[in-house]
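The block underneath contains the structure these notes are about, expressed in structure tokens.
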Amino acid sequence: MRAARLHGPGDVRVERLPRPAADGDEVLLTVRSVGICGSDLHLFYEGTTGGDGEHDDLPFVPGHEIAAAVSEESAERLDRAPGALVAVDPARPCGACEWCRRGDPNLCPHVRFKGAAPHPGGLAEWLVARPEEVVPVPPAFTADEAALLEPLGVAIHAVDLAELRPMETVAVLGAGPIGLLLAQVARRAGAGRVYIVDPLAYRTEAATKLPSAADAAAATHDAVMEWTDGRGADVVLEATNAPVGIQHATEAAAIGGRVVLVGIPEGDAYDLTAAQARRKELTVKFSRRMKRVYPRAIEMVERGAVDLASLVTHRFALEETPEALAQGARYDDGVIKAVVAPGA
């Protein structure tokens, strides 16, 4: 089969690999769409995601936002028709540790996560998964929408962590795919006003055009104070890759507010002056992937509560994966969400 493998920072090659064989606990799927995530971009230009040390596990196949089709040989096992579209949950927690038992599988220290080295991801023609990782989607879903259920799940989990109360003001820092999803989910969770900040003009424009996303958007976080008459936002959802993002989040937050950190900073380090966060007595939470929220994500898309299709601005064939990653890293050509279609 063909697969895109990361060999080092900036070095992605489309190569021929043996087709994976499903063992007794797995099923074989054909990959239909894979979203390019910000963490994939960290892998591309840093060779690692948040200091996880993937350098030692290269080369490997990235890609964890995955939509696939049921193969002929797996149809009976999955009780689905051959070719039926499914999403693939990339996380395989152990199910037995303290954190899994208490209902926090996203915190499992033994998790096997597709697209995080050394576990191969979806940027290939074929993929194996356990049946419990295969998520059926409604017939009306496109492959791109099925793939984007994963980042939607990340947004749902982050908003859950924020413990949003009705009519509270929310500021989202970063208008990439996660930021735009955070804004939509926060709106549906009861936010009164939603503001988005991003230095890229084409992204703030997209934020104001997206249904239910932003009441206003600007290039700098100072605008949040202007919009709130100097009070700040009750909740700040930080979804940038900037080390200073945490500082901007604390400056944009209201006294006694909450900050949820969703983005991964370049260099795996934050720049923060503690005084303001301390004096405001902010609650700051780090968000880690998601829990079992695929059913909620599907329901939100089905009833039109979020718009996934509008996020996809660029599509690439598998052979074009290096360009898809490079374009995302450069923010070229108005890219918001790029997807790769291995079956194209």
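The values are calculated or read from the model by the stated rules, or taken from the named source; none is laboratory data. As the structure is a prediction and not an experimental result, all values here were calculated from the model. FYI the Cβ positions are ideal-geometry reconstructions off the backbone, even for glycines, and counts take in every protein chain you see.
A few comments on the model shown:
- Search result, residues across region 192-219 that are closer than 26 Å to Ala277 by Cα and either touching a Gly at 6+ places or on another chain (Cβ under 8 Å) or surrounded by fewer than 23 Cβ atoms within 10 Å (Cβ to Cβ) (or both): Gly192, Arg193, Ile196, Val197, Asp198, Pro199, Asp215, Ala216, Ala218, Ala219
- Check on Ala116, among the aliphatic types (A, V, I, L, M), part of a loop (DSSP other than H, G, I, E, B) and touching a His at 6+ places or on another chain (Cβ under 8 Å): yes
- Enumerated strands (runs of 3 or more DSSP E) restricted to region 1-80, each holding at least 1 residues that are closer than 22 Å to Ala338 by Cβ, of a type in the set (Val, Ile, Thr) and out of contact with any Gly (no Cβ under 6 Å at 6 or more places or on another chain): 11-16, 27-35
- Looking at Ala67, Ala84, Ala96, just one residue is over 20 Å from Glu125 (Cβ atoms), of a type in the set (A, V, I, L, M) and modelled with pLDDT of 95 or more, and that residue is Ala96.
- Every residue from region 2-26 that is surrounded by fewer than 18 Cβ atoms within 10 Å (Cβ to Cβ), within 30 Å of Glu132 (Cβ to Cβ) and of a type in the set (Gly, Ala, Ser): Ala21, Gly24
- Of the strands (runs of 3 or more DSSP E) lying entirely inside region 226-344, those containing at least 1 residues that are over 19 Å from the mean Cα position of the chain (by Cα) and within 23 Å of Val137 (Cβ to Cβ) span 312-317.
- Check on Leu161, at pLDDT 95 or above and buried (at least 21 other Cβ atoms within 10 Å of the Cβ): no
- When Leu29, Leu78, Leu43 are checked against the criterion of being touching a helix residue (DSSP H, G or I) at 6+ places or on another chain (Cβ under 9 Å), closer than 26 Å to His110 by Cα and surrounded by fewer than 19 Cβ atoms within 10 Å (Cβ to Cβ), Leu78 stands alone in meeting it.
- Hits in region 312-326 (condition: among the hydrophobic types (A, V, I, L, M, F, W, C), in contact with a Gly (Cβ under 9 Å, 6 or more places away or on another chain) and surrounded by 19 or more Cβ atoms within 10 Å (Cβ to Cβ)): Val312, Leu318, Leu325
- Failed condition for Asp222, given (1) surrounded by fewer than 18 Cβ atoms within 10 Å (Cβ to Cβ); (2) at pLDDT 95 or above; (3) within 28 Å of Ala309 (Cα to Cα): (3)
- Here Gly51, Gly47 are screened, and the one residue that is touching an Asp or Glu at 6+ places or on another chain (Cβ under 6 Å), modelled with pLDDT under 95 and over 16 Å from Glu26 (Cβ atoms) is Gly51.
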